[in-house]
Structure formats: structure tokens, C-alpha cells
Amino acid sequence: MTALRLKAKMVIAITLMVVVIVTVLQAISVKRVVRQRIQETTDSISSAGWSVSALARDAISVDFTSWKEAKLGDPASMAKLEKDVLQTDNSVDTLMSSVQGYWKPIIDVAITDDSGVALLHTTRDNVGQPLPKRDDWSTIDSGGIRKQLETIFGKPQDYNVRIPITRQDGSRFGEVRVGVSTTFLKAEILEELKRTGKLSGYAILISLLISVLLSNIALRPLKVISRRLDLISAGQIESPEKAPQLHGEYGTVSTKIERLGRQMRDVKEVFSALKENLDQMMANLQDGVMLFTSDNRAVLVSASVERFVGKSRGEMLGNYATQIFSPTSSVGRMILEGFRTRRSIGQKEIETEQGRRVQVALDFIEERGQRIGALLTLRDAESVHRIEDEIELSRRLSAIGRLTSGVAHEVKNPINAIVVHLEVLRQKLKEIDPDTRRHMDVIGSEIQRLDRVVQTLVDFSRPVDLRLADMDLRKLVDDVVQLASPAAEQHQVRIERQTSQEPMPVRIDADLVKQAVLNIVINGVQAMASGGNLGIATRREGDNALITIRDHGPGIAPDIRDKVFNLYFTTKKGGSGIGLAMAYRVVQLHHGSLEF
């Protein structure tokens with residue numbers, strides 16, 4: 001099939017080259033023929049017109065002095081005599097008729113006066129009548145080849161060649177009008193073009209036959225090369241003894257193909273090993289990844305895709321996108337629309353019918369401007385957002401830690417100096433009035449409170465050494481409930497505990513985690529001003545242990561949700577804003593997550 005296609009290309013190329021050459025030569029020939037015919041017509045008709053003009057001038061050049069009818073002093077009378085003489089001169093009329101009959105393009109010949117009235121005409125009925133207006137033939141003769149072609153091969157039209165008639169004294173008497181029709185001129189030109197067209201057709205036919213013969217001879221070795229390629233694609237190599245020997249350029253190509261076949265075998269083995277490694281890697285990917293060919297057929301599917309599509313990898317591999325995705329689902333509809341319009345989807349988030357949020361990205365792979373495939377990525381948007389939120393919160397807490405560490409360092413020393421100087425001042429003032437002592441006591445208590453705040457900053461920013469130990473998480477929950485019960489009873493809150501029947505061993509710093517969980521429980525108790533129930537439950541999710549705390553308070557307003565873990569942020573009157581920030585830090589230190 002390859003040889004046949006190449007053969008057809010060679011035949012078409014050679015034939016087209018001949019057609020182009022013949023077409024160019026034909027165009028030059030048409031231009032030459034048209035110009036030549038128009039020039040010949042112009043010369044012939046002008047010559048005939050001048051002959052009629054000269055004979056007419058001789059006819060009216062009569063000595064009227066001896067004529068009784070002549071009124072030599074009256075120009076109108078003399079002009080009438082000239083017209084009468086011209087109309088009675090048979091030689092002029094005979095010449096006009098012979099001119100019309102000799103040249104086919106000439107349709108009529110007339111002699112008119114200056115007003116355009118026919119004095120003589122080859123059609124007798126037109127004598128004495130004003131002649132119709134026609135375009136002048138000189139516009140065609142002096143025009144370009146395009147105008148000449150449009151005139152000759154367009155709508156038939158009549159033109160006039162005008163030759164003036166003058167008297168012997170040089171004054172104007174009238175003019176000779178020779179009518180020219182393009183119909184006869186077109187017929188003459190077409191006849192000559194038919195002859196050149198036949199020659200062009202013969203040349204094209206001969207070139208076609210020659211190109212077929214040459215292509216058969218030139219492409220015969222390609223059959224041998226094609227057979228070797230088929231063997232290579234089948235994983236076989238023909239022995240040099242059995243292989244036909246090719247010479248010249250074809251022999252060089254054949255040798256290179258054999259060498260390429262051996263390299264392909266080696267590459268195939270390497271590719272098989274890489275494919276096994278790739279399959280293992282794809283099986284461990286959390287994101288769903290699918291690779292499609294240019295015709296939208298899935299050739300690579302990761303194991304995670306099954307969670308998003310609800311089909312096994314065996315059902316998706318080798319199938320088209322329209323067979324894999326359902327047009328009734330929101331995700332499938334978006335993906336199929338992207339394949340249909342051939343437009344990429346840039347990390348768009350969409351909610352499925354089950355309420356699950358999925359990030360979809362579709363990129364078309366191109367090579368040298370041609371699309372060769374597509375890569376589809378499916379990602380769980382909820383986990384992505386959770387990770388992003390945790391990273392952002394960690395970044396803010398880290399920034400707060402660096403800030404508080406610096407502030408604590410800069411403030412601690414001035415506070416100590418103030419305390420020392422305040423004590424020295426008290427000792428120096430032996431007799432202090434009560435009002436001054438009261439002011440100094442206020443200053444002392446405020447400095448102590450400021451010192452406690454700074455110490456809190458130091459404790460928050462200081463690295464924590466975890467004292468990890470194995471513990472049953474149910475025991476930790478029991479301790480938290482016992483510690484929170486007094487505060488719960490004070491707010492008329494009933495704590496409901498739901499723990500698993502089986503032990504939940506975890507390795508944690510019990511004191512820190514207990515304090516973190518207690519902070520959250522106390523917040524929940526304080527949020528229910530009218531009392532109610534607060535639930536605390538434990539359960540296992542895979543390799544993770546989960547503690548869920550649920551209260552029936554007003555909840556967290558949307559506009560402050562991104563601030564609840566910030567240090568010193570609080571909505572409670574008299575709150576410190578440290579509890580939730582400290583709880584988040586403790587959970588992070590245990591490689592866990594705190595969500596609400």
C-alpha cells in the first residue's frame with residue numbers, strides 16, 4: 001500500500017508539473033493569439049476604411065465652377081452638391097460592399113456627415129438615418145489583455161472604426177464608419193485555440209504514461225523494503241542469505257532498516273520493563289490519571305480512577321471516552337464536552353450528584369502542532385482544600401510563633417528592669433502616703449500581669465519535647481469527661497460519651513492531647529448558654545483514630561472561620577484566645593489534623 005501511495009504521488013506530481021507548464025504555455029499562446037488577431041483586425045479594417053475615405057474624397061473633389069446649380073458662395077449649397085455627387089458615385093458604394101464581404105468581422109460600412117446621418121450605407125434602409133452609437137474599436141486595440149479577453153469572450157458587442165474624410169482644402173467633410181463584431185473574431189480565435197488545446201492534451205497524456213512507467217521502475221525496490229519492515233514489525237529478522245540484495249541508495253536504506261529493527265527489539269524489552277514499573281507507580285497514585293490517544297481511546301488508567309468513575313480499570317482500558325463517562329453525570333458531561341470541543345479544562349472544581357467535590361483537569365498533548373493524545377486528572381477537592389487550609393494555618397502559626405518569640409525576648413528584659421527599679425523606689429521612699437502607695441501597687445500588679453502574658457508567649461513559641469507513650473484513647477476521653485463535668489453541670493450541659501467497645505491504642509503525649517481535647521470541650525460547653533447535650537465520640541478510620549466533639553451552640557460564623565485558630569483571637573468576653581491555637585499546635589505535633 002505504501003508503494004502504491006508513493007507511486008500515485010509520483011505520477012500526480014509529474015503530471016501536475018507538465019500540466020502547469022502546458023497551462024503556462026497555453027496562456028502565453030492565448031495572449032499572443034488574441035493580440036495578434038486584434039492587431040490584424042485593426043490593421044485590415046483601418047486599411048479598408050482609409051481606402052473608402054480616399055475614394056470618397058476623390059468623388060467629392062469635383063470642379064463645381066461650371067455647374068449651374070452650384071452657388072459657390074453658399075457652403076450649405078456646396079455641401080449638398082458634394083453629398084449628391086457622393087451618393088451617385090457607384091465606385092464608392094461598390095468598394096464599401098466589397099470591404100464588407102471580404103472581411104468577416106466587418107458587419108457594415110457607412111459614410112456619415114458630421115451630424116452622424118448616413119450618406120452611404122451597405123444596408124440601403126439606413127441611408128439618410130442617424131446611425132446608432134457604438135464604442136470605438138481603439139479602446140479594445142489599446143487596452144490590456146484582460147480587457148481584450150473580456151471583450152472577445154464576453155457578451156457579443158459591435159464597435160466602430162472611424163476614418164475621417166477631408167476635402168482637398170483640408171476641411172472636414174464627414175467620416176467612414178466600419179462596424180466590427182466580436183462574434184466573428186471570437187470564432188476565429190477559438191478555432192486556433194482548439195488546435196493548440198489538442199496538442200496540450202496529447203502532451204499531458206504522454207507525460208502521464210511516462211510517469212507511470214518511471215514510477216514502476218523507481219519504486220520496485222520499495223516492495224523489498226516493505227517486506228522487511230513487515231518482518232521487523234512482527235518481531236522477525238530476515239537472514240542476510242535469503243534477503244534480496246539491493247544496491248545504491250536503496251541498499252543503504254535497507255541496511256539502516258535492519259539495524260533499526262535490532263534497536264527496536266532492544267527498546268521493546270526496555271519498554272516492557274518500564275511499563276511494569278509504571279503500572280506499579282500508577283497503582284499507588286492518589287489522584288486519578290488517564291491517558292488517551294488522539295482518537296480518545298484510554299491507554300493508561302491509574303487505580304484511583306475507579307473511585308471517581310465507578311468502573312474497574314479493565315472496563316476502561318482500550319475504550320473510548322464516550323464509553324467510559326456517562327453524559328448524565330456532571331463530571332462525565334464536562335469531560336465529554338472537553339473532548340468534543342477539543343478544549344483543555346484547567347483544574348475546574350465540580351460537585352457530583354452524591355455531593356462530592358472533584359477537581360477535573362484535561363490537557364491535550366501536542367507534538368509539532370498536531371494533537372497526539374490527552375491527559376485527564378481527577379482529584380478529591382475536599383482533601384486538597386483541607387491540606388491547603390492546614391498549610392495556610394501552619395504558616396500563620398509559624399509566623400505568629402516567630403513574632404511572639406521576638407516580642408517576648410524584647411519585652412521580658414524591660415519588665416525585669418521595671419520590677420527591680422520599682423522595688424528600689426519603694427525602699428528609698430520610707431514614708432509613703434496612702435495614695436502614692438496605691439498607685440505603686442497598681443503599677444506592680446499590672447507589671448506582673450504583663451509578665452504572665454509574656455511568659456505565655458514564650459511558652460507558645462518554645463519548642464515542645466513530646467513525651468510519647470502508648471495509651472488507650474478511650475481512657476483519655478474518660479479523663480477529659482471527668483475534668484469537664486463540673487463546668488458542664490454549671491452550664492446545665494449533659495456530656496454524652498460514645499466510645500468503641502474495642503481498645504484504641506495510640507502513641508501520644510497524654511498530657512498535651514488531654515489539654516487540647518479539654519480546651520475544645522470547654523469551648524463547646526461555654527457555647528451553649530441555655531444548656532443542652534454535648535457529644536464526644538471515638539472511632540477508627542483506617543490507620544487513624546478520630547475524636548468527634550459536637551455541641552448544640554450557635555456555631556462558628558462564616559466570616560470568622562479562617563481566624564478561629566489564630567493566637568489571641570476570641571469571641572468570648574474575658575477569653576484569652578490561646579486555647580484553640582494551642583490545641584491546633586498539639587494536634588499538629590502528633591501529625592494529626594483539627595477540623596470543624
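The values are calculated or read from the model by the stated rules, or taken from the named source; none is laboratory data. Just so you know, these numbers come straight off a predicted model, no measurement behind them. As a convention, Cβ positions derive from the backbone with ideal geometry for all residues, glycine included, and neighbour counts pool all protein chains shown. With ligands, DNA and RNA removed, areas are computed over all heavy atoms of the protein, side chains included. Shrake-Rupley method; radii C 1.70, N 1.55, O 1.52, S 1.80 Å.
Numbers at a glance
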{"read-out": "Electrostatic dipole magnitude of region 293-373 [Cβ: Lys, Arg +1; Asp, Glu -1; Cα centre; debye, to 20]", "value": "60 debye"}
{"read-out": "Two-site label geometry, LEU193 and ARG297: point separation in nm, points 7 Å out along Cα→Cβ", "value": "5.3 nm"}
{"read-out": "Given LYS133/LYS155; LYS31/LYS186; LYS31/LYS147; LYS31/LYS194; LYS9/LYS194; LYS31/LYS198, the pairs whose alpha carbons are separated by over 19 Å", "value": "LYS9/LYS194"}
{"read-out": "Whole-percent carbon and sulfur share, accessible surface of region 480-596, 1.4 Å", "value": "48 percent"}
